[in-house]
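Shown next, in structure tokens, is the structure this report addresses.
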Amino acid sequence: MATKRATTAAAMPVPTTPAASAPWNTLQDQLRGEVLLPSTPGFDAARALWNAMIDKRPAAIARCTGVADVLAALRFARERDIPLAVRAGGHNVAGTALRDDGLVLDLSRMKGIRVDPAARTVRLQPGILNGDLDHETQAFGLAVTSGIASTTGVSGLTLGGGIGWLMRAFGLTCDNLRTADVVTADGAFITASEEEHPDLFWALRGGGGNFGVVTSFTFALQPLGPTVLAGAIVFPASAAGEVLRFYRDYIEEAPDALGTIVLLRHAPESPWIPSEHWRKPVVAILACYAGNIAEGTEVLKPLKAFGSPIADIIQPKPYTLHQRMFDASAPPGLRYYWKSHYLSGLSDDAIDTLLARAWRTSSLRSYTVVARVGGAVSRVAESATAFAHRDAQHVLNINGVWTDPAEDAEHIEWTRDMFTVMEPFSTGGVYVNFLGNEGEERVRAAYGTNYDRLVEVKRRYDPDNVFNMNQNIVPG
């Protein structure tokens, strides 16, 4: 009998986590959306993220269609101690939108959006991507700072701060946030603004997804487009030193309406680049003028007249088209490993150090960006929102990009090496939306001087750290 009992016990599956024994059909009965399990057709597609390096297997995915679904899924998980992750755009390099053996609150189907052209505001749900936002707002000649790729989710972009082409003119995405509807860890549904729950509203603007599930955002909009002066000027790598020194001095005098990014990469096989330069190292200056095209033409004259570029496609174009410029360089399904610094400036030493290693990668897909900050971003006090790094002049992001998992080690090594040699020129901070899984010290660096205040807000709204699948602020 003892042998028989042992055999029977061994044959029975023994739940090892709260999720393993959860009655998922009970959750499905409470939702308008779907509950996807590992046995559900389409589960693997539903757990796929933009970064193919992330391969996590949740116990279930709740595809929420509205606030009621979010409330029900959160309550279900909390009653059973099932760990949570929250997915909106799924574009984060660290892969925090998923977790193993937990429940994913998938907000990607919540894609409602409404522009009020008279009030110059837009209200949107968390499944909206930058391309969706731009499509709606540009119909009225309006815009808000919304990243540099159309596939990025507006939700995560905002909660981490939100850098983009328009930030020098209009501020970060979070600087334009006016209200947010939030489901908190205890199941409350509240609106955060300057007038209501101002402590939470402060934390949402740069503190990441630490404080609840944001189910709606309202932003102020600015007049822009639908046509802007934008594009790229590309130079061979042999001219990179003089190009970057010229650029450094030029941008110091440029108006806030000019947004720029330096891009160091191997030239793609694009029809607008002469074929003899394909796959060769190049430096590109990308620009977007957030103002009158005639004024922008004058502002950009010195840049367009400098040196001997191999291509110049800065011209009037739809803003929505310019917002897709990075899409081909960062499509979903590739392997991404990032390391990032804020830079206080571009000294000669910083430029020389950057250029000495920028093209040593063996992946033609890898690239480095240096985005100019300042302008309207720096005119907001570092304590006014949770985004503290208002004095940074540039954001450096080193992008290891490849396809073969067997090559992980070599591309990670290149990215880390670039990060290490550029560290002497760093402010010590890092943009939280560019942060990988790099440990508590780097998380503190991301939140900077506002970290202790963020801990206080975390204790108030999420004392049990229910929302911990993020660049986590531990309530203590």
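Rule-based calculations on the coordinates, nothing more; no lab input. This is a predicted model, so every value here is computed, not measured. Neighbour counts are summed over all protein chains in view; Cβ atoms, including those assigned to glycine, are modelled from backbone coordinates with ideal geometry.
Tabulated results
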{"item": "Simple Cβ-charge dipole of the chain, Lys/Arg +1 and Asp/Glu -1, about Cα centre, in debye nearest 20", "result": "820 debye"}
{"item": "Chymotrypsin sites (Phe, Trp or Tyr not before Pro) restricted to DSSP loop in segment 267-343 with at most 14 other C-beta within 10 Å", "result": "W272, W278"}
{"item": "Label-point separation in nm, V67 to S275, each point 7 Å along Cα→Cβ", "result": "5.8 nm"}
{"item": "Table column - 3J(HN,Hα) (Hz), segment 151-162, Karplus curve with 6.51, -1.76, 1.60, x for Gly and Pro", "result": "8, 6, x, 5, 4, x, 4, 5, 5, x, x, x"}
{"item": "Coil-residue trypsin sites (Lys or Arg not before Pro) of segment 216-323, DSSP, other Cβ within 10 Å capped at 13", "result": "R279"}
{"item": "Positive minus negative residues near I273 (Lys, Arg vs Asp, Glu; Cβ under 15 Å)", "result": "0"}
{"item": "Of the trypsin sites (Lys or Arg not before Pro) in segment 350-393, those whose Cβ has at most 15 other Cβ within 10 Å and which sit in DSSP loop", "result": "R360"}
{"item": "Shape of segment 124-172, Cα gyration tensor, a/c cut at 1.5", "result": "oblate"}
{"item": "Gyration tensor verdict on the chain (Cα atoms; rounded if a/c is under 1.5, prolate if a/b is larger than b/c, oblate otherwise)", "result": "prolate"}
{"item": "Protection-proxy order for peptides 139-146, 123-130, each taking the mean of Cβ atoms within 10 Å per residue, highest first", "result": "123-130, 139-146"}
{"item": "Separation of the N437 and R245 label points, Cα + 7 Å toward Cβ, nm", "result": "4.4 nm"}
{"item": "Residues T96, T297, sorted so that the one with the fewest Cβ neighbours within 10 Å comes first", "result": "T297, T96"}
{"item": "Sum of side-chain charges, Q393 neighbourhood, beta-carbon under 12 Å (Lys, Arg +1; Asp, Glu -1)", "result": "+2"}
{"item": "Dipole moment magnitude, nearest 20 debye, segment 28-106 about Cα centre, only Lys, Arg, Asp, Glu C-beta charged", "result": "120 debye"}
{"item": "Efficiency of FRET from Cβ geometry, E407 and S308, R₀ 45 Å, rounded to 0.05", "result": "0.80"}
{"item": "For V104, residues with placed amide H under 5 Å, excluding near neighbours", "result": "A60, I61, A62, A85"}
{"item": "Leading residue at positive end of dipole, the chain (Cβ point charges), from A406, G209, G345", "result": "A406"}
{"item": "Relative contact order (percent, whole number), segment 227-440, Cα cutoff 8 Å, 6+ residue spacing", "result": "26 percent"}
{"item": "Listed residues L107, Q125, N92: farthest to the positive end of the dipole of segment 90-145 (Cβ charges)", "result": "Q125"}
